[in-house]
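Peer 1: Sharing a structure, written as structure tokens. Questions coming.
The values are calculated or read from the model by the stated rules, or taken from the named source; none is laboratory data. As the structure is a prediction and not an experimental result, all values here were calculated from the model. In this analysis, Cβ positions are derived from the backbone assuming ideal geometry, glycine residues included, and neighbour counts consider all displayed protein chains.
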Amino acid sequence: HLPVDVDISKLAPGQQMTAVWQGKPVFILRRTPEDLKQLQDAALVSDLRDPDSSVLQQPSYAKNWHRSAVPEYGVYVGVCTHLGCVPVYEATVSGANAGRYNCPCHGSKFDLAGRVRKSVPAPYNLPVPPHVMVNATTLRLG
Ligand code: FES
């Protein structure tokens, strides 16, 4: 598989876009400073099934609290780890406790780092694909 370069120059803070990598949708989210604060909220973290990403779902450089190469950009395979539906990004909900990626099939909820919440059917965080910022407006997948 060849790497895929994605132009993220049009992505405003708080927006997300979907790219295709190895036949799968990949969500690219440009996080706001509030989003980054929310990812570290203690109430949210205590409601995550795998807050430290100990189940291998990301490259080693994304095994951190924001699960990505650069905190501002979240990158995850947009396929629910329950039975494979595509979770929907909720841009406007507020409060650390709201689900930010909600699966339409059986209600699994993920946060702005693709981390799965407790008490939902999905067993694992959304996978993070290999990615790197090639320059300020290009993200490379793979
Ligand atoms: Fe997402 Fe079942 S496929 S909750």
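Peer 1: List the pairs whose first member sits in segment 111-139 and is under 26 Å from residue 41 (Cα atoms) and touching a residue at least 12 places away in the same chain (Cβ under 8 Å), whose second member is more than 16 Å from the ligand (Cβ to nearest atom) and of a type in the set (Phe, Trp, Tyr), and whose Cβ atoms are under 8 Å apart, counting only residues at least 6 apart or on separate chains?
Peer 2: Close Cβ pairs satisfying both conditions: 113/65; 129/21.
Peer 1: For residue 111, are the conditions met, namely being within 16 Å of the ligand (Cβ to nearest atom), of a type in the set (Asp, Glu) and farther than 18 Å from residue 21 by Cβ?
Peer 2: Yes; evaluated as a whole, the condition is true for this residue.
Peer 1: Residue 86 fails exactly one of the following numbered conditions: (1) more than 16 Å from the ligand (Cβ to nearest atom); (2) under 14 Å from residue 16 (Cβ atoms); (3) in a loop (DSSP other than H, G, I, E, B). What is the number of that condition?
Peer 2: (1)
Peer 1: Of all residues being over 18 Å from residue 109 (Cβ atoms) and among the polar types (S, T, N, Q) in segment 41-70, which is surrounded by the fewest Cβ atoms within 10 Å (Cβ to Cβ)? Just the residue, please.
Peer 2: Going through the qualifying residues, I end up with 60.
Peer 1: Residue check, residue 67 against (1) touching a residue at least 24 places away in the same chain (Cβ under 8 Å); (2) away from the ligand (no atom under 14 Å from the Cβ); (3) among the charged types (D, E, K, R); (4) on the phi < 0 side of the Ramachandran plot, all met but one. Which one?
Peer 2: (4)
Peer 1: Looking at segment 42-64, which of its residues are within 16 Å of the ligand (Cβ to nearest atom) and of a type in the set (S, T, N, Q)?
Peer 2: 57 - this is the single residue of segment 42-64 that is within 16 Å of the ligand (Cβ to nearest atom) and of a type in the set (S, T, N, Q).
Peer 1: Which residues, taken from segment 89-107, are in contact (Cβ under 8 Å) with a residue 40 or more places away in the chain and within 16 Å of the ligand (Cβ to nearest atom)?
Peer 2: The answer is 89, 101.
Peer 1: Considering each residue of segment 71-88, count those that are over 18 Å from residue 123 (Cβ atoms) and either exposed (fewer than 14 other Cβ atoms within 10 Å of the Cβ) or at pLDDT below 95 (or both), and give that number.
Peer 2: 1
Peer 1: Moving on to the next point. Quick one: how many residues across segment 12-39 are buried (at least 18 other Cβ atoms within 10 Å of the Cβ) and not in a strand (DSSP E or B)?
Peer 2: Result for segment 12-39: 4.
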